[in-house]
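Each remark here refers to the structure printed beneath this line.
The values are calculated or read from the model by the stated rules, or taken from the named source; none is laboratory data. This is a predicted model, so every value here is computed, not measured. Glycine gets a Cβ as well: all are built from the backbone with ideal geometry, and neighbour counts include every protein chain shown. Just so you know, the surface numbers come from the protein's heavy atoms only, side chains and all, with ligands and any DNA or RNA stripped out. Shrake-Rupley method; radii C 1.70, N 1.55, O 1.52, S 1.80 Å.
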Amino acid sequence: MMMQRKVWWRWLSIAAAVLTACWLTGCGNKNDSGAASGEGDGQATVKVGVILPLSGNLAAFGQSTLQGIKLRAEEINTAGGINGAMIDLQVEDNKGDQNQTKSAYKKLASLIKVSAVVGPITSGNSMAIKIDTDQLKVPIVSPTATNADVAPGSPYVFRTCFTDDFQGQVIANYAFNTLGKKKAAVLIDRSSDYAIGLDR
């Protein structure tokens with residue numbers, strides 16, 4: 001079960017990196033000539049921020065997600081980058097904390113000037129910086145923020161996963177239509193926003 005979960009998170013993180021890479025071909029921080037920023041050696045680069053819980057209670061998920069993002073970035077760079085520009089990952093550890101997430105996002109957007117951010121991976125942290133994305137206009141792409149309220153209302157917040165209410169509906173439809181089960185007992189952790197979202 002744990003191995004399946006790790007594989008699932010890895011593929012979601014790769015999907016986020018792919019989406020970000022494709023997206024950056026049409027937007028991002030550019031210099032006055034309209035080209036991607038370059039480093040001292042003359043190689044053009046596209047800075048992509050990453051906000052993940054690399055320490056704390058969610059560190060296992062954050063570390064596995066980072067591995068997937070790095071893998072996809074390496075594949076893109078090996079293939080020639082994005083219009084010739086290499087992806088330069090700028091990684092920040094939010095420790096699973098909303099205040100740390102806000103600080104990390106502002107640092108990446110204002111100081112490091114990334115073109116986009118992959119992450120955060122939880123709904124609470126994603127919504128914590130929703131208003132900041134409207135102000136700083138640096139988009140985020142969350143691999144796994146499933147709360148239905150994460151993305152709506154902001155042109156800078158995206159996700160690559162299904163929402164809680166959609167997942168709950170699919171589970172119910174499968175149980176009723178495929179398994180033929182008409183009665184079910186549902187155990188819900190009322191302290192978990194994710195569990196509550198699935199029960200909508």
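Points worth noting:
- Once backbone amide H atoms are built at 1.01 Å from N, Lys95 has Leu54, Ser55 as its partners under 5 Å, excluding neighbours fewer than 5 places away on the same chain.
- Highest to lowest packing among 160-167, 172-179, 92-99, scored as the average C-beta count within 10 Å: 92-99, 160-167, 172-179
- Projected label distance in nm at Asn83 and Leu111, using a 7 Å step from Cα toward the beta-carbon: 2.9 nm
- Probe 1.4 Å, protein heavy atoms only - accessible area per residue of segment 57-200 in square angstrom: 54 Å²
- Peptides 113-124, 49-60, ordered by how many other C-beta atoms sit within 10 Å of their residues on average, highest first, read 113-124, 49-60.
- When peptides 77-88, 137-148 are ranked by their average number of other Cβ atoms within 10 Å per residue, the highest-first order is 137-148, 77-88.
- Within straight-line cross-link reach of Lys130, lysines at Cα separation under 22 Å, skipping those fewer than 8 residues along the same chain: Lys47, Lys95, Lys102, Lys106, Lys107, Lys113
- Residues Gln43 and Ala148, FRET efficiency given R0 of 35 Å [Cβ-Cβ distance, rounded to 0.05]: 0.25
- Segment Gln169-Lys182, extension gain: residue separation times 0.36 nm, minus the distance between their alpha carbons: 3.3 nm
- With the convex hull drawn over the C-alpha atoms of segment 73-150, the volume per residue is 99 Å³.
- A simple rule links phi to the HN-Hα coupling: the Karplus curve 6.51 cos²θ - 1.76 cosθ + 1.60 with θ = phi - 60°, which for segment 118-134 gives 8, x, x, 9, 10, 5, x, 6, 5, 6, 5, 10, 4, 5, 5, 5, 5 Hz, with x for Gly and Pro.
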